[in-house]
Amino acid sequence: MTLISETNEERIKTLFSDQKDFFRTGKSQGIDFRISQLKLLKKAVLTHQSSIEEALWSDLHKSPEEAYLTEINIVLSEIENHLKHLKKWAKPKRVSTPLILFPSASKVLYEPLGVSLIIAPWNYPFQLLINPLIGSISSGCCSILKPSPAAPAVALAVEEMIKAFFEPDYLTVVQGGKETNNFLLAQPFDVIFFTGSSRVGKIVMQAASAHLSRVILELGGKSPCVVDAGANIKVAAKRIAWGKLINAGQTCIAPDYLLVQESIKEELLNEIESVIKEMYGTEIEESRFYPRIIDNAAFDRLLELLKAGSIRFGGKFNRKDRFIEPTIIEDIKSNDPIMQQEIFGPILPVITYDAIEEAYAYINENDKPLALYYFGNKSKGKEVLSKTTSGGACINDTIMHIANHNLPFGGVGNSGTGKYHGKESFLAFSNSKAVVITPTWIDLPLKYAPFKFFKLLKRII
């Protein structure tokens, strides 16, 4: 595997300073410039698509089909969405003005925050680096991108793509690991966008507090999947297996564990087993559509989690190939290690309940998840959503809320802070400036001392 070298501190300081200088020229803030850069980014992605797909296969054994659906297409669709709506989003927004401010007018101006730092994880190393960048470009910011060294082929492919199309004083890639992150986080960025674990998210937030930088944290957590007696078992099984096994379960919004009504558990689990074989065959390790675990450390962590409960299906593994078979585990206790950490792999623990109240009570005892999934009667699903909190949710589906540009994506509490996608990405990298414009042809005396018209003022306000 290719090793990624650290970037020295002086290089980072120079890049940051150069981007600050470029931003001060105002060039990145023009709408025409932003649109041209979004179009250039689209061209860059299409030009380098094959190398990106090859890199994703090298790092994660992602098939070109999965790479396109879960990484490249999401980026291209997001660019198109911003190109379509950017002028409308960036237009000053008039808002009503209360009588007390007569004859003033009020509006909101959207201005770029400045220089952004975008730190990406390894599980979707292309999409989760470039998707936030679209919001940064759209808002008029400059950006330093930091790919994950755990996906080195993608990190180098993205660096080559960015170098070929953009000037480093506007947009650049910095490579490295923990040491480079520390150098980057020491700089007074105007906004930091981080996707990764809650543990590292806390480090990012602490570093950002030194400069009071805006922070968007897209983290993770244990996203529950509730399956009630009213569910369509065949459809539920297919959608759960699909959502769990994309990227071999290394997805922040994958169903982390099942909460299944006892009366339908056997039927559901049998159907999930059947669906897995339909998708990947009986010799799953031979399927070109089934990804691999990112590295040996992640592989060994997942093997430890397999020790809990009893394996109902799967459980085979090959460390040399970093392959872990899709695995369903029963007889789980809430204090087992597999229920104390985000799994981030193709292992699905199962917990049963009798009454739906038990399900959302269990969810509420733990940290607020990034996503929540419910299969069953739609009205009861709405009840579950009203009784729980999560960053996002689907009723009778998994994952798909991420595919709608009109929905904000992000966590709550331990699963993150801040939203993006679509207009939310534009807003994430923008300052919404409140402006009151007051004419000088009249100057009402109500607000001035000695407040001769105080009684009238009280009636107005």
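None of the figures in this text is laboratory data; all of them are computed from the coordinates on show. Remember, predicted model here, so these are calculated numbers, not experimental data. Glycine gets a Cβ as well: all are built from the backbone with ideal geometry, and neighbour counts include every protein chain shown.
Observations on the structure shown:
- At R0 = 25 Å, FRET efficiency that the Cβ-Cβ distance of LYS234 and LYS320 yields, to 0.05: 0.10
- The chain - share of DSSP beta bridges that are antiparallel (%, nearest 5): 35 percent
- ³J(HN,Hα), Karplus 6.51/-1.76/1.60, whole Hz, each residue of region 78-91, x for Gly, Pro: 5, 4, 4, 4, 5, 4, 6, 10, 4, 4, 5, 4, 7, 5
- J(HN,Hα) series, region 124-138, from Karplus relation 6.51 cos²θ - 1.76 cosθ + 1.60, nearest Hz, glycine and proline x: 10, x, 8, 4, 7, 9, 8, 4, x, 4, 4, x, 5, 5, 4
- When only alpha carbons of region 319-461 are considered, Rg and Dmax amount to 25.6, 85 Å.
- Remark: C-alpha extents of region 50-100 on the principal axes read 64, 18, 14 Å, sorted largest to smallest.
- When the inverse distances between all different Cα atoms of region 385-461 are averaged and flipped, the Kirkwood radius reads 17.4 angstrom.
- Against the chain, whose longest principal axis comes from its Cα atoms, helix 233-245 is set at around 70 degrees.
- Using θ = phi - 60° and Karplus 6.51 cos²θ - 1.76 cosθ + 1.60, couplings along region 202-209 (whole Hz; Gly, Pro as x): 5, 5, 4, 5, 5, 5, 5, 5
- The label point for LEU3 and the one for ILE460, both projected 7 Å from the Cα toward the Cβ, are 7.2 nm apart.
- Ranked PHE183, PHE454, PHE194, criterion: other C-beta atoms within 10 Å, fewest first: PHE454, PHE183, PHE194
- Applying both filters, DSSP loop and at most 15 other Cβ atoms within 10 Å, to the trypsin sites (Lys or Arg not before Pro) of region 408-461 gives LYS452.
- Restriction of the trypsin sites (Lys or Arg not before Pro) in region 294-372 to DSSP coil positions whose beta-carbon has at most 16 other beta-carbons within 10 angstrom yields LYS307, LYS316, ARG319, LYS320, LYS333.
- When each of VAL45, VAL173, VAL435 is scored by the number of other beta-carbon atoms lying within 10 Å, the sequence from fewest to most is VAL435, VAL45, VAL173.
- Charge tally in the Cβ shell below 13 Å around TYR374, where Lys, Arg are +1 and Asp, Glu are -1, TYR374 excluded: +2
- Restraint check, LYS39/LYS423; LYS178/LYS316; LYS27/LYS423, Cα-Cα greater than 25 Å: LYS178/LYS316
- Amide H contacts of ASP397 (H built 1.01 Å from N, under 5 Å, at least 5 apart or other chain): TYR374
- Ranking of ASP228, ASP295 by count of other Cβ atoms within 10 Å, fewest first: ASP295, ASP228
- Degrees separating the helix 378-387 axis from the principal Cα axis of the chain, which is the longest one: 60 degrees
- Relative to the longest principal axis of the Cα atoms of the chain, the long axis of helix 296-305 makes an angle of roughly 70 degrees.
- P(r) weight above 22 Å for region 224-403, C-alpha pairs, percent: 40 percent
- In region 272-362, GluC sites (Glu not before Pro) in a DSSP loop with at most 16 other beta-carbon atoms within 10 Å: GLU283
- Applying 0.36 nm per residue to the separation of GLU179 and GLU383 and subtracting their alpha-carbon distance, the gain on full extension is 68.8 nm.
- Whole-number D in µm²/s for region 311-377 (Stokes-Einstein; Kirkwood sum over Cα pairs; 10 °C, 1.306 mPa s): 114 µm²/s
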